[in-house]
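Working notes, beginning with the structure itself.
The values are calculated or read from the model by the stated rules, or taken from the named source; none is laboratory data. Keep in mind the model is a prediction, meaning the values are calculated, not measured. Reconstructed Cβ throughout: ideal geometry from the backbone, glycine too, with neighbour counts over all protein chains shown.
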Amino acid sequence: MVAKAKVQLEYKLDPASPLANFIEWYEVAYRTTNENGRKRKGNAKKAVLDFLENYLKGSQKEIVDFDSSVKQFREDTKLPKELQAAKNNLSSEEYATFKELYEKVSREEEKNSAA
């Protein structure tokens, strides 16, 4: 019995497209570190492919998981670049402290520019 060849699916995305931005965000947000300290990007292409396949199958759990990633992406892209970088690179406690200080600095700058 002859095995079927895999179907190739390749897209070239405009860097400004929302899907390209999601893939870039996913790779950073879902980055992992192995026991040797090597950092690996999150596998965004697999996540998108899994979502599409599960959507076609009608599997709700995986669709909900992907939807939560999309909601997180939408929230993160509303943040200023500095806060996005901090959220991706700091622990949750460090990020909370950084966010608090960042907001304090922003309020002080607004006061100074209004005066």
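Under the condition of being within 15 Å of Asp67 (Cα to Cα) and among the hydrophobic types (A, V, I, L, M, F, W, C), the residues counted in region 1-28 number 4.
Checking the structure you have, find out if any residue of region 8-20 is assigned to a helix (DSSP H, G or I) and closer than 28 Å to Ser106 by Cβ.
Keep residues of region 8-20 that are assigned to a helix (DSSP H, G or I), which gives 18-20.
If we keep only those that are closer than 28 Å to Ser106 by Cβ as well, we get 18.
Looking for residues that are assigned to a helix (DSSP H, G or I) and closer than 28 Å to Ser106 by Cβ, one finds at least one in region 8-20, hence yes.
Of all residues in region 66-83, those satisfying the criterion of being in contact (Cβ under 8 Å) with a residue 40 or more places away in the chain and of a type outside the set (A, V, I, L, M) are Ser69, Gln72, Phe73, Asp76, Thr77.
Tell me which residues, restricted to region 47-62, are surrounded by fewer than 15 Cβ atoms within 10 Å (Cβ to Cβ) and under 18 Å from the mean Cα position of the chain (by Cα). Give the steps one after another, and end with the answer.
Kept after step one, since they are surrounded by fewer than 15 Cβ atoms within 10 Å (Cβ to Cβ), are these residues of region 47-62: 49, 52-53, 55-61.
Once the filter is applied, which keeps residues that are surrounded by fewer than 15 Cβ atoms within 10 Å (Cβ to Cβ) and under 18 Å from the mean Cα position of the chain (by Cα), region 47-62 yields Leu49, Leu52.
Gly37 meets the conditions (1) touching a residue at least 12 places away in the same chain (Cβ under 8 Å); (2) not in a helix (DSSP H, G or I) in every case but one. The failed one is (1). What are the pairs with Cβ atoms under 8 angstrom where one residue, in region 87-111, is of a type outside the set (D, E, K, R) and the other, located anywhere, is loosely packed, with under 12 Cβ neighbours inside 10 Å and not in a helix (DSSP H, G or I)? Sequence gap at least six, or different chains. From residues that are of a type outside the set (D, E, K, R), the pairs are Tyr102/Pro80. Would you mention how many residues in region 82-115 are part of a loop (DSSP other than H, G, I, E, B), under 21 Å from the mean Cα position of the chain (by Cα) and among the hydrophobic types (A, V, I, L, M, F, W, C)? Here the count works out to 1. Do we have any residue at all in region 10-30 that's closer than 26 Å to Glu75 by Cα, among the basic types (Lys, Arg) and without any contact (Cβ under 8 Å) to a residue 40 or more places away in the chain? Yes, region 10-30 has at least one match.
In the set (1) under 18 Å from the mean Cα position of the chain (by Cα); (2) outside the structural domain of Gln72 (by TED's automatic domain parsing), the condition left unmet by Ala5 is number (1).
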